[in-house]
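The values are calculated or read from the model by the stated rules, or taken from the named source; none is laboratory data. Quick caveat, the model's predicted, so the values are computed rather than measured. When we count neighbours, we look across all protein chains shown, and the Cβ atoms used for this are built from the backbone with ideal geometry, even at glycine. For the accessible areas, the whole protein counts, side chains as well, though only heavy atoms, and no ligand, DNA or RNA atoms are used. Shrake-Rupley method; radii C 1.70, N 1.55, O 1.52, S 1.80 Å.
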Amino acid sequence: VVPVFDSVALDGQLVGVALAQDDAPVERQNDANVAGALVAYVPVDDARLMALLPWLQDDKAEKTLHNAKEAWVLLRQKGVTLRGVTCDTMLASFLADPTRLIPHGIEAVVKDVLHRTVAPAKDLTGGGQAQKLLKDVDATAVAAWAGDVARAIAAMRAPLLERVRDAD
């Protein structure tokens with residue numbers, strides 16, 4: 001699960017939610033069919049987001065996130081209580097080696113664990129005076145980026161949990 005938002009979580013605006021199952025190929029389309037989609041991105045203003053609410057709030061539906069606290073805050077602002085988080089890859093990275101990869105951001109952890117990169121959001125939004133908000137970026141580009149991040153988070157679950165076990 002990847003919440004897509006502008007700014008920082010405490011005052012940010014949720015733009016959409018991306019989901020991935022295991023190490024699925026990224027589909028560059030908006031797809032809210034949670035049960036049938038391996039990778040999906042749903043903009044927050046899309047009525048299909050309502051279909052995700054029971055799953056997001058289901059404590060029996062296991063979810064892996066990177067920085068679950070941030071996702072919880074963003075979703076809570078929309079009246080959604082995120083439940084069922086069984087792995088936070090940011091926290092797992094910290095627990096495996098607290099002084100490495102500080103602050104355990106998604107780009108650094110993906111590079112360390114999967115030996116590949118994910119583009120930073122700045123690649124979509126630009127910077128400086130011309131910087132855009134993610135809500136103003138083409139939805140197809142946001143969906144592709146968020147889907148790639150979601151796929152990376154799903155792929156990092158097992159190796160990071162193994163690193164945490166090895167650190168004990």
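Roughly what % antiparallel, to the nearest 5, for the DSSP beta bridges in the chain?
Working: 10 of 13 bridges.
Here the antiparallel bridges make up roughly 75 percent for the chain.
Tell me which label goes with the value of semi-axes √(5λ) of the Cα gyration tensor in Å computed from the coordinates here: (i) 39, 18, 14; (ii) 23, 19, 15; (iii) 30, 21, 15.
Of the listed options (i) 39, 18, 14; (ii) 23, 19, 15; (iii) 30, 21, 15, (ii) comes from this structure.
With a 1.4 Å probe and all protein chains in place, put Asp168, Asp97 in order of accessible area, largest first.
Ranked from most to least accessible, the order is Asp168, Asp97.
Please name whichever of His66, Gln77, Pro98 sits farthest to the positive end of the charge dipole of segment 49-112, dipole taken about the Cα centre and charges placed at Cβ: Lys and Arg +1, Asp and Glu -1.
Of His66, Gln77, Pro98, it is Gln77.
I'd like the accessible area for Ser7: 1.4 Å probe, protein heavy atoms, all chains in place, Å² to the nearest 10.
Its accessible surface works out to 80 Å², give or take rounding.
Give the peptides 57-67, 136-146 in descending order of average Cβ contacts within 10 Å, highest first. Don't skip to the answer; put the middle values down first.
Working: 57-67: 16.5, 136-146: 18.2.
Output ranking for 57-67, 136-146: 136-146, 57-67.
How much of the accessible area of segment 115-168, probe 1.4 Å, is carbon plus sulfur, in whole percent?
Working: 1550 of 3050 Å².
That fraction is 51 percent.
Which value, in Å² and to the nearest 10, is the accessible area of Arg116 when all protein chains are kept and the probe is 1.4 Å?
70 Å²
At 1.4 Å probe size, with every protein chain present, just tell me what the per residue accessible area of the chain comes to in Å². All intermediate terms of the calculation are to be shown ahead of the outcome.
Working: 8930 Å² over 168 residues.
So the chain comes to 53 Å² accessible per residue, rounded to a whole number.
With +1 on the Cβ of every Lys and Arg and -1 on the Cβ of every Asp and Glu, and nothing else charged, how large is the dipole of segment 91-153 about its Cα centre, in debye rounded to the nearest 20?
Working: 7 positive and 7 negative charges, 4 e Å.
It comes to approximately 20 debye.
Quick check: residue separation of Asp97 and Asp123 times 0.36 nm, minus the Cα distance between them. What number comes out in nm? Write out the running numbers ahead of the final one.
Numbers: separation 26, 0.36 × 26 = 9.36 nm, distance 2.83 nm.
Extending this stretch completely gives an extra 6.5 nm.
Please list Met156, Met50, Met90 from largest to smallest accessible area, probe radius 1.4 Å, with all protein chains kept in place. Let's see the in-between values first.
Numbers: Met156 0, Met50 130, Met90 50 Å².
Result of the area sort, largest leading: Met50, Met90, Met156.
Size of the dipole of the chain about the Cα centre, Lys and Arg at +1 and Asp and Glu at -1 on the beta carbon, nothing else charged, in debye to 20? If you can, show how the numbers build up before the last one.
On the way: 18 positive and 23 negative charges, 29 e Å.
The dipole of the chain has a size of about 140 debye.
By how many nm would the segment from Asp59 to Asp136 lengthen if fully extended, with 0.36 nm per residue of separation less the alpha-carbon distance?
Values: separation 77, 0.36 × 77 = 27.72 nm, distance 3.28 nm.
Roughly 24.4 nm would be gained on extension.
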